[in-house]
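Structure, as structure tokens:
Read the figures in this text as sums done on the coordinates, not as results from a lab. Computed from a prediction, not measured in an experiment: that's the story for all the values here. Glycine also receives a Cβ, built like all others from the backbone with ideal geometry; neighbour counts cover every protein chain displayed.
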Amino acid sequence: MKKAKVILIIVLSLTTLVIFLQNTQTVEVRILLLPISMPLILLLMAVSVMSFVVGLIMAGQMLKKPKSAQKARTDK
């Protein structure tokens, strides 16, 4: 199972790298009504990093146990 996870991570990383490297043209993006010109690769990387951070925050919130449940265990 551990080997399958490593293979999946490698395949996803290589796929992401290929997508990034194929999208280097400049695009115009509107962020809060401001037009910004930037390479698409930069935009893709920024969105990927933001998505990763949001995923980490959500996973941390889901794994965190409610304080009332922790207190009930310590009281017994």
Q) Any idea which of M38, L21, M1 is furthest toward the positive side of the dipole for the chain, if Lys and Arg beta-carbons carry +1 and Asp and Glu beta-carbons -1? A) M1
(Q) 5 Å is the cut-off here: which amide hydrogens, built 1.01 Å from N in the peptide plane, fall below it relative to V29, excluding neighbours closer than 5 in sequence? (A) I36, S37, M38
Q: Sort all Cα-Cα distances of the chain into consecutive 5 angstrom bins from zero, then give the percent of pairs in each bin up to the one containing the longest distance.
A: 3, 12, 11, 14, 15, 12, 9, 8, 6, 5, 3, 1, 0
